[in-house]
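Heads up: the structure comes next, in structure tokens.
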Amino acid sequence: MSHAIDGHHDGELERRMSNETRFAVAPDTLPNACLAVVEHLNARLALMVGEDERASSGMFRLSYTFAVAQGQWLTLETLIDPAEPAFPSVTPLVPAAHWYEREVQDMFGLTAVGHPDPRRLVHHDDWPDGLHPLRKDFDPSLPVPRVDRPAETFHTLHGEGFVEIPVGPIHAGVIEPGHFRFAAVGEAVFDLQPRLFYTHRGIEKLAEGKTPAQVLQLAERVCGACSCSHGVSYSQAVETLAGIEVPPRAAAVRTLYLELERLYNHLGDLGNICAGVSFAAGASFGAQLKEAVQRLNERVAGNRFLHGVNQIGGVRRDPSASDLHDIAATTTHIATEFRSFIEMMLSSDTVLERLKTTGFLPAATARALGAVGVAARASGVDVDSRRDHPHAGYPALPMPTPVVVRSEGDVYARVLVRSDEILATLAMIRAVLDTLPDGPAAVSPGRVPGGRAAFAVSESPRGENIHFVRTAPDGTIERYRVRSASYPNWPAVAACVPGNMVPDFPVINKSFELCYACLDR
Amino acid sequence: MSVPLLLEPRTRDTTDALAARLSARIARLLRRSLHIRHLDAGSCNGCDWEIQTLLGPVYDIQRLGIDIVASPRHADMLLVTGSVTRNLERAARATYEAMPQPGLVVAVGACACGGGVLHGSYCTAGGVNNVLPVDVYIPGCPPRPHALLHGLLVALDRLDPRIAAANVTVDVPQP
């Protein structure tokens, strides 16, 4: 693998995970090294983590991690001297780095030199200059003043017939907060600029100094709607770091819960897409089926959103025989109902008229932005971490993960991907139930070793969720980085709206079904 | 300011019984229409999904005279989720100020009630009551739809004396 970046690196680093190769790179050669990985290995930038190691090595560390091949990661790491807190931006060569680098500017005060769009990302305009929360010398207990700074968030368009439409952050429906600024000519959207990070809660900073078990509570609450996936990603990262193997039953039960999560999300999403095109009967049908799965979640796992099902070392909620019977019976019923729902939805010309060709995301754009999940698969990008980076109980299933890929790239394709994935999920739930091994549902994690780092992935309903964890010498959390599926996908929404009409924005947005909380953390 | 009431969702009422009581109270207090504005002040989306669930076909709170309205100017009540993040504090205050009085503020979920797992964060207010005057707290992570209905019922009890104090009279032609 190293031949691809020969001449760009300063040597291979010691492995921290069996499926990851790491290279040290000088800041000057970083952009070309990243480009070489992307071009020669057909790789996707999956994660970039900034770390403040001034107390130990005296430097800041940036790690760019790429998904290179089946189950393999490649990480390029560079150290930055605090005396000159800047690095050459990778974004001009690898566009997928754009938000990661803006975030590192905000959170660590490291300037991405040559970044084509160096505006703030996480901080809004009234955050003081020179204050960077993820630096170790930032004291989270001190109040942060609001300052009067020049607004830098939006560019404006001028011209005859341009209308600027500001929307949000508080929306008319029951949805999460975000600001969208449309520049429209008549009904046609010419430009869309989102401002997000309204729900930034400082979760990564909060994790620092807590024990690995305490941080699981935070991980599950990064996002209410893919709580189980975040919990699995985080638990797996700590387990990898500690060298723990979860029992086969725990791995299989995690797959069961992950698929139940996908099921209630996808059903709800299809209902919401119906709502987005004012197809009330479909909206009700979807909501009803979602509620049926959430009630099943509550009966089996004790929580409608599957909070608290995971623990480090396995699962806390080991389903009993009657729970398994309940899951089988309920999902069988849902399978029948779902078929009538999707048949009704897709036989309505007024629905199809709104879905087809709407919100077209070209495959090249999806690839350039590193999109994942349903959004990527509906645009012809064959990516699914259940197959590509095997986790939980997926490798042990008697069936390969059915990866649904379509080429159309429009809202319709995203509907069909979800619809086919629901059928696949129902089959996978059945497969887990048929092959669920006996045995313990958890092992004791023991004392989590200090001074180690690892990351892990799981496939949420929205796509790949990656959690990175580094422990301090005393075994508490030193650095926690959550890269949810919504992170690489949000820029794809903004990219595919221009050219559509303003009233189609809600249904385009719903077809991606991204989470603001997941992104903002 | 009145003392906020901590709500324990321990009611044994069935959903239908709760709904009937809620509907009767709304009819008496608000002439059959309770208008609610949802305000996400930095939640994880869990509480918001449960509020959305109330509007779906299973709970269908519109049959009780309740509606989620698009603007706080039309609202009798704010349902606030999240611990109020720094980036939403101004919007939260503006939303409250736009609501006509007498109006109610209901904090929904653990984060809204007291900061929840986000306690100690540099960019959240640690609960809605640090920013807005809260009338009723509905705990839970997230509260179940049934608890939300019970919370609405308790909140309406707090509106009764306030309407009397405000001396509001509404002339509506009787059918």
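The values are calculated or read from the model by the stated rules, or taken from the named source; none is laboratory data. No experiment lies behind these values; they were computed from the predicted model shown. FYI the Cβ positions are ideal-geometry reconstructions off the backbone, even for glycines, and counts take in every protein chain you see. Protein only, heavy atoms only, side chains kept; ligands, DNA and RNA dropped before computing areas. Shrake-Rupley method; radii C 1.70, N 1.55, O 1.52, S 1.80 Å.
Values computed for the structure shown
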quantity: Rounded Å value of the spacing that divides the Cα centres of segment A:446-521 and segment A:299-347; calculated: 24
quantity: Solvent-accessible area buried by pairing A with B, both sides, nearest 100 square angstrom, 1.4 angstrom probe; calculated: 3800
quantity: Reachable lysines, given that their alpha-carbon falls under 26 Å from the alpha-carbon of A:Lys205 and they are not under 8 places away in the same chain; calculated: A:Lys136
quantity: Whole-Å distance, taken between Cα centres, linking segment B:98-171 and segment B:24-60; calculated: 12
quantity: Lysines with Cα under 21 Å of A:Lys510, excluding same-chain neighbours fewer than 8 positions away; calculated: A:Lys290, A:Lys356
quantity: Descending principal axes extents, segment A:203-512, alpha-carbon based, whole Å; calculated: 59, 43, 30
quantity: Most positive-pole-ward Cα, A:Gly446, A:Ala492, A:Thr111, against dipole of the protein assembly as shown from beta carbon charges; calculated: A:Gly446
quantity: Positive-end extreme of charge dipole, the protein assembly as shown - chosen from B:Tyr137, A:His389, A:Phe182 (charges on Cβ); calculated: B:Tyr137
quantity: DSSP beta bridges in segment A:36-112 [antiparallel fraction, %, rounded to 5]; calculated: 90
quantity: DSSP-defined antiparallel bridges as percent of all bridges, segment A:203-512, nearest 5; calculated: 95
quantity: Counting DSSP beta bridges with both ends in the protein assembly as shown, the antiparallel % (nearest 5); calculated: 65
quantity: Helical contribution to [θ] at 222 nm, DSSP H n ≥ 4, -39,500 (n - 2.57), averaged over chain A, rounded to 500; calculated: -12000 deg cm²/dmol
quantity: As computed over segment A:2-113, the Cα convex hull volume per residue (Å³); calculated: 97
quantity: Leading residue at positive end of dipole, segment A:2-113 (Cβ point charges), from A:Leu62, A:Pro95, A:Ala26; calculated: A:Pro95
quantity: Helical segments meeting 20 Å axial Cα length and Kyte-Doolittle 0.0 threshold in chain A (DSSP H); calculated: A:227-242, A:248-276, A:321-346, A:411-435
quantity: Cα gyration tensor, segment B:1-135 - rounded (a/c under 1.5), prolate or oblate; calculated: prolate
quantity: Charged-residue dipole, Cβ positions (Lys, Arg, Asp, Glu), the protein assembly as shown about Cα centre, Debye nearest 20; calculated: 1480
quantity: Proximal aspartates and glutamates relative to A:Lys210, as straight alpha-carbon distance under 12 Å, when same-chain residues fewer than 8 apart are discounted; calculated: A:Asp474, A:Glu478
quantity: Inter-part distance where segment A:117-170 and segment A:94-114 are each reduced to a Cα centre, Å; calculated: 15
quantity: Whole-percent pair-distance distribution, where bins are 20 Å wide, for the alpha carbons of chain A; calculated: 22, 57, 20, 0
quantity: Net charge dipole size for chain B [Lys, Arg +1 and Asp, Glu -1 on Cβ; Debye, nearest 20]; calculated: 160
quantity: Of all accessible heavy-atom area on chain A, the percent that carbon and sulfur account for (1.4 Å); calculated: 53
